[in-house]
1. What full-extension length gain, to one decimal in nm, is calculated for Ile36 and Ser99 as 0.36 nm per residue of separation minus the Cα-Cα distance?
2. With all protein chains present, calculate the accessible area of Cys145 using a 1.4 Å probe and round the result to the nearest 10 Å².
3. Could you state the number of Å between the C-alpha centres of the stretch 1-57 and the stretch 96-151?
4. Normalising by the residue count of the stretch 1-121, find the relative contact order in percent from Cα pairs under 8 Å and 6+ residues apart.
5. Taking only Cα atoms and a 10 Å spring cutoff, compute GNM fluctuations for the chain and point out the largest among Ala100, Ala133, Ala143.
6. On a 0 to 90 degree scale, rounded to 10, what angle separates helix 100-117 from the longest Cα axis of the chain?
7. Based solely on its DSSP helices, what 222 nm [θ] is calculated for the chain when runs of n ≥ 4 H residues each add -39,500 (n - 2.57) and the sum is averaged over all residues, nearest 500 deg cm²/dmol?
8. Leaving ligands, DNA and RNA out of it, rank Ser115, Ser94 by accessible area with a 1.4 Å probe, largest first.
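The values are calculated or read from the model by the stated rules, or taken from the named source; none is laboratory data. Just so you know, these numbers come straight off a predicted model, no measurement behind them. Ideal geometry is used to build each Cβ from the backbone, glycine not excepted, and the neighbour counts take in all protein chains shown. All accessible areas refer to the heavy atoms of the entire protein, side chains included, with ligands and DNA or RNA removed. Shrake-Rupley method; radii C 1.70, N 1.55, O 1.52, S 1.80 Å.
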Amino acid sequence: PTIMGYELINEPRNPGKNTSYITNWVATMSTYFKTIDTNHFLGVGSEGEFGNKANDSFQGLDKDKYDGSRGVGYEDTIALPNIDFGTYHQYVDSACYGSAIGVGNKWIKEHIAVSKAAKKPCVMEEFGIPTTANINRAPIYDAWCRTLYDEGGAGGLFWMLAGQDTGDS
């Protein structure tokens, strides 16, 4: 009774393949899961890559998160009837550190919008910026969490939370 839910897999990818491979696998596994457990929520565990939003990439950055080239389509898996909630991860590429707030907020808003359209909650289940980025992470995390809250996201989970930056990785 204390378990909220399960995930099928952590960060599935099938680079260079059609997104239907993973979507079909998720459909099969989620259907099977629901035959043995209908009392818990089920998510995919996806990083949140989209399968058909190539024209929506932010200033040309992270195109592979939008064009299906990683073999995953968030919009397809969240729509499956046996998937109860969506997941996405937020790790800004080093090329985006200067615009981490804008890039991150766009990623958050897109996932919440797609999930709302599917009438399902979504969780930003992993996010963070490494200490090696040598930037003040606090205002970035604050902005992301505010956007998550303001847009109606279901929650956010730090991948790793630590004290003050010490310069060590």
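1. So the chain would gain 18.2 nm between Ile36 and Ser99.
2. The accessible area of Cys145 comes to roughly 50 Å².
3. 20 Å
4. It comes to 28 percent, rounded to a whole number.
5. Ala133
6. Orientation of helix 100-117: about 20 degrees from the principal axis.
7. -10000 deg cm²/dmol
8. Ser94, Ser115
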